[in-house]
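Student: Handing you a structure now.
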(Lines give C-alpha, C1' and ligand atoms only; values in the text may rest on other atoms or scores of the structure.)
Protein backbone atom coordinates (compact mmCIF):
# COMPACT_ATOMS: atom_id res chain seq x y z
CA UNK A 1 0.00 0.00 0.00
CA UNK A 2 1.05 3.68 0.13
CA UNK A 3 4.21 4.54 2.08
CA UNK A 4 3.88 8.23 3.00
CA UNK A 5 7.52 8.36 4.11
CA UNK A 6 9.02 6.81 0.97
CA UNK A 7 12.21 8.68 0.10
CA UNK A 8 12.18 8.00 -3.65
CA UNK A 9 8.52 7.91 -4.68
CA UNK A 10 6.11 10.74 -3.93
CA UNK A 11 2.58 10.01 -2.77
CA UNK A 12 1.30 11.15 -6.18
CA UNK A 13 3.62 8.72 -8.00
CA UNK A 14 2.72 5.84 -5.69
CA UNK A 15 -0.98 6.51 -6.29
CA UNK A 16 -0.40 6.43 -10.06
CA UNK A 17 1.50 3.12 -9.85
CA UNK A 18 -1.14 1.48 -7.64
CA UNK A 19 -4.11 2.98 -9.50
CA UNK A 20 -5.38 4.59 -6.30
CA UNK A 21 -6.86 8.07 -6.14
CA UNK A 22 -5.21 10.44 -3.67
CA UNK A 23 -8.61 11.24 -2.21
CA UNK A 24 -9.11 7.55 -1.60
CA UNK A 25 -6.09 7.45 0.69
CA UNK A 26 -7.94 9.35 3.32
CA UNK A 27 -11.36 7.78 3.00
CA UNK A 28 -13.09 6.61 6.15
CA UNK A 29 -16.06 4.29 6.59
CA UNK A 30 -19.39 6.05 6.29
CA UNK A 31 -20.54 7.14 9.75
CA UNK A 32 -23.90 6.13 11.11
CA UNK A 33 -25.55 5.34 14.43
CA UNK A 34 -24.34 2.27 16.28
CA UNK A 35 -27.84 0.77 16.22
CA UNK A 36 -28.00 1.15 12.44
CA UNK A 37 -24.68 -0.66 12.10
CA UNK A 38 -25.97 -3.45 14.34
CA UNK A 39 -29.18 -3.72 12.32
CA UNK A 40 -27.34 -3.66 8.98
CA UNK A 41 -25.05 -6.48 10.10
CA UNK A 42 -28.05 -8.58 11.13
CA UNK A 43 -29.90 -7.81 7.89
CA UNK A 44 -26.82 -8.67 5.81
CA UNK A 45 -26.30 -12.05 7.48
CA UNK A 46 -30.01 -12.93 7.32
CA UNK A 47 -30.28 -11.84 3.69
CA UNK A 48 -27.47 -14.19 2.67
CA UNK A 49 -29.50 -17.07 4.11
CA UNK A 50 -32.95 -15.85 3.01
CA UNK A 51 -32.59 -13.56 -0.04
CA UNK A 52 -36.34 -13.71 -0.68
CA UNK A 53 -37.00 -11.61 2.44
CA UNK A 54 -37.83 -8.02 1.57
CA UNK A 55 -37.70 -5.07 3.94
CA UNK A 56 -41.16 -5.66 5.39
CA UNK A 57 -40.47 -9.28 6.34
CA UNK A 58 -37.00 -8.31 7.58
CA UNK A 59 -38.68 -5.72 9.83
CA UNK A 60 -41.07 -8.33 11.23
CA UNK A 61 -38.16 -10.70 11.92
CA UNK A 62 -36.11 -8.03 13.70
CA UNK A 63 -39.08 -6.78 15.73
CA UNK A 64 -40.93 -9.99 16.60
CA UNK A 65 -38.11 -12.55 16.74
CA UNK A 66 -35.20 -10.43 17.97
CA UNK A 67 -37.09 -7.84 19.99
CA UNK A 68 -35.92 -4.62 18.28
CA UNK A 69 -38.35 -1.72 18.76
CA UNK A 70 -37.83 -0.14 15.34
CA UNK A 71 -40.00 1.31 12.60
CA UNK A 72 -40.57 -0.14 9.15
CA UNK A 73 -39.37 3.16 7.64
CA UNK A 74 -36.00 2.73 9.33
CA UNK A 75 -35.55 -0.79 8.01
CA UNK A 76 -36.67 0.22 4.51
CA UNK A 77 -34.08 3.03 4.49
CA UNK A 78 -31.30 0.65 5.57
CA UNK A 79 -32.40 -2.18 3.28
CA UNK A 80 -32.97 -0.22 0.08
CA UNK A 81 -30.92 2.96 0.41
CA UNK A 82 -27.91 2.13 2.58
CA UNK A 83 -27.43 -1.52 1.62
CA UNK A 84 -28.98 -1.48 -1.87
CA UNK A 85 -30.64 -4.86 -1.31
CA UNK A 86 -33.58 -6.35 -3.17
CA UNK A 87 -35.47 -9.56 -2.55
CA UNK A 88 -35.37 -12.22 -5.26
CA UNK A 89 -39.14 -12.21 -5.65
CA UNK A 90 -40.96 -9.47 -7.62
CA UNK A 91 -42.64 -6.87 -5.49
CA UNK A 92 -42.55 -3.20 -4.53
CA UNK A 93 -39.16 -1.61 -3.92
CA UNK A 94 -37.21 -4.74 -4.88
CA UNK A 95 -34.57 -2.64 -6.64
CA UNK A 96 -33.32 0.91 -6.37
CA UNK A 97 -34.34 1.65 -9.92
CA UNK A 98 -34.60 5.22 -11.14
CA UNK A 99 -37.82 5.27 -13.17
CA UNK A 100 -36.45 8.03 -15.40
CA UNK A 101 -33.55 5.84 -16.52
CA UNK A 102 -33.81 3.52 -19.49
CA UNK A 103 -33.51 -0.20 -18.77
CA UNK A 104 -32.36 -2.95 -21.12
CA UNK A 105 -33.68 -6.46 -21.83
CA UNK A 106 -32.31 -9.58 -20.19
CA UNK A 107 -30.07 -11.33 -22.75
CA UNK A 108 -28.90 -14.45 -20.91
CA UNK A 109 -32.03 -16.56 -21.09
CA UNK A 110 -31.16 -19.83 -22.90
CA UNK A 111 -27.76 -18.40 -23.84
CA UNK A 112 -24.95 -20.95 -23.96
CA UNK A 113 -21.91 -19.42 -22.26
CA UNK A 114 -18.86 -21.35 -23.44
CA UNK A 115 -15.87 -19.00 -23.51
CA UNK A 116 -14.12 -16.36 -21.40
CA UNK A 117 -15.13 -12.72 -21.89
CA UNK A 118 -18.43 -13.75 -23.41
CA UNK A 119 -20.51 -12.58 -20.46
CA UNK A 120 -19.50 -10.61 -17.39
CA UNK A 121 -21.75 -9.85 -14.42
CA UNK A 122 -21.34 -6.79 -12.22
CA UNK A 123 -22.81 -6.00 -8.82
CA UNK A 124 -22.31 -3.98 -5.61
CA UNK A 125 -22.56 -5.21 -2.04
CA UNK A 126 -22.49 -3.67 1.43
CA UNK A 127 -19.49 -4.60 3.59
CA UNK A 128 -19.78 -4.33 7.40
CA UNK A 129 -16.73 -3.19 9.34
CA UNK A 130 -15.78 -2.83 12.99
CA UNK A 131 -16.92 0.78 12.79
CA UNK A 132 -19.06 1.83 9.86
CA UNK A 133 -19.40 0.19 6.47
CA UNK A 134 -18.24 0.48 2.88
CA UNK A 135 -19.21 -0.86 -0.54
CA UNK A 136 -17.53 -3.43 -2.76
CA UNK A 137 -18.11 -3.57 -6.51
CA UNK A 138 -16.90 -6.49 -8.60
CA UNK A 139 -17.22 -7.95 -12.08
CA UNK A 140 -17.03 -11.70 -12.69
CA UNK A 141 -16.55 -13.72 -15.88
CA UNK A 142 -19.45 -16.20 -16.01
CA UNK A 143 -17.64 -18.87 -18.02
CA UNK A 144 -14.67 -19.22 -15.67
CA UNK A 145 -16.01 -17.63 -12.43
CA UNK A 146 -12.86 -15.49 -12.58
CA UNK A 147 -13.17 -12.30 -10.53
CA UNK A 148 -11.98 -9.87 -13.18
CA UNK A 149 -11.84 -6.56 -11.31
CA UNK A 150 -13.00 -5.00 -8.03
CA UNK A 151 -13.05 -1.75 -6.09
CA UNK A 152 -14.06 -0.46 -2.66
CA UNK A 153 -15.63 2.89 -1.82
CA UNK A 154 -17.49 4.63 0.98
CA UNK A 155 -20.01 6.01 -1.51
CA UNK A 156 -22.22 4.22 -3.98
CA UNK A 157 -22.15 6.63 -6.92
CA UNK A 158 -22.79 6.13 -10.63
CA UNK A 159 -19.47 7.81 -11.47
CA UNK A 160 -17.61 5.24 -9.38
CA UNK A 161 -19.29 2.42 -11.31
CA UNK A 162 -18.55 4.04 -14.68
CA UNK A 163 -14.87 4.58 -13.90
CA UNK A 164 -14.62 1.05 -12.52
CA UNK A 165 -16.03 -0.71 -15.59
CA UNK A 166 -13.90 1.42 -17.92
CA UNK A 167 -10.80 0.28 -16.00
CA UNK A 168 -11.92 -3.34 -16.35
CA UNK A 169 -12.35 -2.89 -20.12
CA UNK A 170 -8.93 -1.25 -20.41
CA UNK A 171 -7.17 -4.04 -18.51
CA UNK A 172 -9.01 -7.15 -19.68
CA UNK A 173 -10.69 -6.22 -22.93
CA UNK A 174 -14.44 -6.12 -23.38
CA UNK A 175 -16.99 -8.89 -22.97
CA UNK A 176 -19.72 -9.43 -25.51
CA UNK A 177 -22.39 -8.90 -22.83
CA UNK A 178 -22.37 -7.20 -19.42
CA UNK A 179 -25.18 -8.29 -17.08
CA UNK A 180 -26.38 -6.00 -14.27
CA UNK A 181 -29.42 -5.48 -12.09
CA UNK A 182 -31.68 -2.46 -12.51
CA UNK A 183 -30.05 -0.42 -9.75
CA UNK A 184 -29.81 3.31 -10.45
CA UNK A 185 -25.99 3.19 -10.63
CA UNK A 186 -26.19 0.76 -13.56
CA UNK A 187 -29.08 2.43 -15.39
CA UNK A 188 -27.47 5.89 -15.16
CA UNK A 189 -26.49 7.66 -18.37
CA UNK A 190 -22.81 7.71 -17.40
CA UNK A 191 -22.65 3.95 -16.85
CA UNK A 192 -24.73 2.85 -19.85
CA UNK A 193 -22.85 5.24 -22.16
CA UNK A 194 -19.49 3.86 -20.98
CA UNK A 195 -20.63 0.29 -21.64
CA UNK A 196 -22.44 0.78 -24.94
CA UNK A 197 -19.78 3.08 -26.43
CA UNK A 198 -17.28 0.25 -25.87
CA UNK A 199 -19.32 -2.05 -28.11
CA UNK A 200 -20.66 -4.14 -25.21
CA UNK A 201 -24.29 -5.24 -25.03
CA UNK A 202 -26.11 -4.47 -21.78
CA UNK A 203 -28.28 -7.12 -20.18
CA UNK A 204 -30.39 -6.29 -17.14
CA UNK A 205 -32.03 -8.66 -14.68
CA UNK A 206 -35.77 -8.60 -14.36
CA UNK A 207 -37.05 -6.59 -11.42
CA UNK A 208 -36.58 -8.54 -8.21
CA UNK A 209 -34.64 -11.34 -9.92
CA UNK A 210 -31.43 -11.49 -7.92
CA UNK A 211 -31.07 -15.10 -9.06
CA UNK A 212 -30.32 -13.81 -12.56
CA UNK A 213 -26.96 -12.65 -11.19
CA UNK A 214 -26.47 -15.85 -9.20
CA UNK A 215 -22.72 -16.27 -9.71
CA UNK A 216 -21.72 -12.91 -8.29
CA UNK A 217 -24.32 -13.23 -5.52
CA UNK A 218 -22.63 -16.52 -4.64
CA UNK A 219 -19.26 -14.74 -4.54
CA UNK A 220 -20.66 -12.18 -2.08
CA UNK A 221 -21.72 -15.03 0.18
CA UNK A 222 -18.28 -16.65 -0.07
CA UNK A 223 -16.21 -13.57 0.72
CA UNK A 224 -18.44 -12.55 3.62
CA UNK A 225 -18.64 -15.95 5.30
CA UNK A 226 -15.05 -16.96 4.59
CA UNK A 227 -13.35 -13.60 5.24
CA UNK A 228 -15.32 -10.53 6.29
CA UNK A 229 -17.47 -12.00 9.08
CA UNK A 230 -14.53 -13.96 10.51
CA UNK A 231 -12.12 -11.01 10.42
CA UNK A 232 -14.12 -7.73 10.34
CA UNK A 233 -12.05 -4.96 8.70
CA UNK A 234 -10.84 -2.28 11.08
CA UNK A 235 -10.81 0.52 8.48
CA UNK A 236 -10.74 1.18 4.76
CA UNK A 237 -7.12 0.17 4.29
CA UNK A 238 -7.68 -3.07 6.18
CA UNK A 239 -10.73 -3.80 4.03
CA UNK A 240 -8.71 -3.25 0.86
CA UNK A 241 -6.03 -5.69 2.02
CA UNK A 242 -8.53 -8.34 3.11
CA UNK A 243 -10.45 -8.17 -0.18
CA UNK A 244 -7.22 -8.33 -2.19
CA UNK A 245 -6.06 -11.35 -0.22
CA UNK A 246 -9.36 -13.19 -0.57
CA UNK A 247 -9.76 -12.52 -4.29
CA UNK A 248 -6.27 -13.85 -4.95
CA UNK A 249 -7.25 -17.01 -3.06
CA UNK A 250 -10.61 -17.21 -4.89
CA UNK A 251 -9.10 -16.83 -8.36
CA UNK A 252 -5.82 -18.71 -7.95
CA UNK A 253 -6.32 -21.35 -5.23
CA UNK A 254 -9.98 -22.05 -4.47
CA UNK A 255 -11.18 -25.02 -6.50
CA UNK A 256 -14.76 -24.99 -7.79
CA UNK A 257 -16.81 -28.15 -8.24
CA UNK A 258 -18.70 -26.46 -11.09
CA UNK A 259 -15.36 -26.10 -12.90
CA UNK A 260 -14.43 -29.77 -12.48
CA UNK A 261 -12.38 -28.77 -9.43
CA UNK A 262 -10.24 -26.33 -11.39
CA UNK A 263 -9.43 -22.83 -10.16
CA UNK A 264 -11.01 -19.88 -12.03
CA UNK A 265 -7.72 -18.56 -13.41
CA UNK A 266 -7.20 -21.87 -15.24
CA UNK A 267 -10.52 -21.50 -17.03
CA UNK A 268 -10.01 -17.83 -17.78
CA UNK A 269 -7.76 -18.60 -20.73
CA UNK A 270 -8.01 -15.31 -22.60
CA UNK A 271 -4.95 -13.03 -22.59
CA UNK A 272 -4.95 -11.20 -19.30
CA UNK A 273 -2.54 -8.87 -17.46
CA UNK A 274 -1.04 -9.67 -14.05
CA UNK A 275 -3.64 -10.13 -11.32
CA UNK A 276 -5.47 -6.89 -10.61
CA UNK A 277 -5.06 -5.43 -7.14
CA UNK A 278 -8.38 -3.63 -7.36
CA UNK A 279 -8.75 0.04 -6.53
CA UNK A 280 -9.97 2.50 -3.94
CA UNK A 281 -12.47 5.14 -4.99
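Student: Modelled with pLDDT of 95 or more and either closer than 23 Å to residue 52 by Cα or under 11 Å from the mean Cα position of the chain (by Cα) (or both), is that true of residue 150?
Tutor: yes
Student: Given the condition more than 30 Å from residue 168 (Cα to Cα), touching a strand residue (DSSP E or B) at 6+ places or on another chain (Cβ under 8 Å), buried (at least 16 other Cβ atoms within 10 Å of the Cβ) and at pLDDT 55 or above, answer yes or no: does some residue in the stretch 54-76 qualify?
Tutor: For the stretch 54-76, residues more than 30 Å from residue 168 (Cα to Cα), touching a strand residue (DSSP E or B) at 6+ places or on another chain (Cβ under 8 Å), buried (at least 16 other Cβ atoms within 10 Å of the Cβ) and at pLDDT 55 or above: absent.
Student: Moving on to the next point. Out of the residues in the stretch 119-142 meeting the condition of being in a loop (DSSP other than H, G, I, E, B) and touching a strand residue (DSSP E or B) at 6+ places or on another chain (Cβ under 7 Å), tell me which one is farthest from residue 250 (Cα to Cα).
Tutor: Filtering the stretch 119-142 for residues that are in a loop (DSSP other than H, G, I, E, B) and touching a strand residue (DSSP E or B) at 6+ places or on another chain (Cβ under 7 Å), the one farthest from residue 250 (Cα to Cα) comes out as 132.
Student: Limited to the stretch 225-238, what total is found for residues that are closer than 14 Å to residue 152 by Cβ and not in a loop (DSSP other than H, G, I, E, B)?
Tutor: Going through the stretch 225-238 one residue at a time, the tally reaches 5.
Student: Which ones in the stretch 201-222 are under 14 Å from residue 142 (Cα atoms) and either part of a strand (DSSP E or B) or modelled with pLDDT of 95 or more (or both)?
Tutor: Once the filter is applied, which keeps residues that are under 14 Å from residue 142 (Cα atoms) and either part of a strand (DSSP E or B) or modelled with pLDDT of 95 or more (or both), the stretch 201-222 yields only 203.
Student: When you scan the stretch 161-200, how many residues do you find that are crowded, with 22+ Cβ neighbours inside 10 Å, part of a helix (DSSP H, G or I) and in contact (Cβ under 8 Å) with a residue 60 or more places away in the chain?
Tutor: Adding up the residues that qualify gives 5.
Student: Which one of these does residue 184 not meet: (1) within 26 Å of residue 46 (Cβ to Cβ); (2) touching a strand residue (DSSP E or B) at 6+ places or on another chain (Cβ under 6 Å)?
Tutor: Condition not satisfied by residue 184: (2).
The values are calculated or read from the model by the stated rules, or taken from the named source; none is laboratory data. Just so you know, these numbers come straight off a predicted model, no measurement behind them. Please note: Cβ atoms are built from the backbone with ideal geometry, for glycine as well, and neighbour counts cover all protein chains shown.
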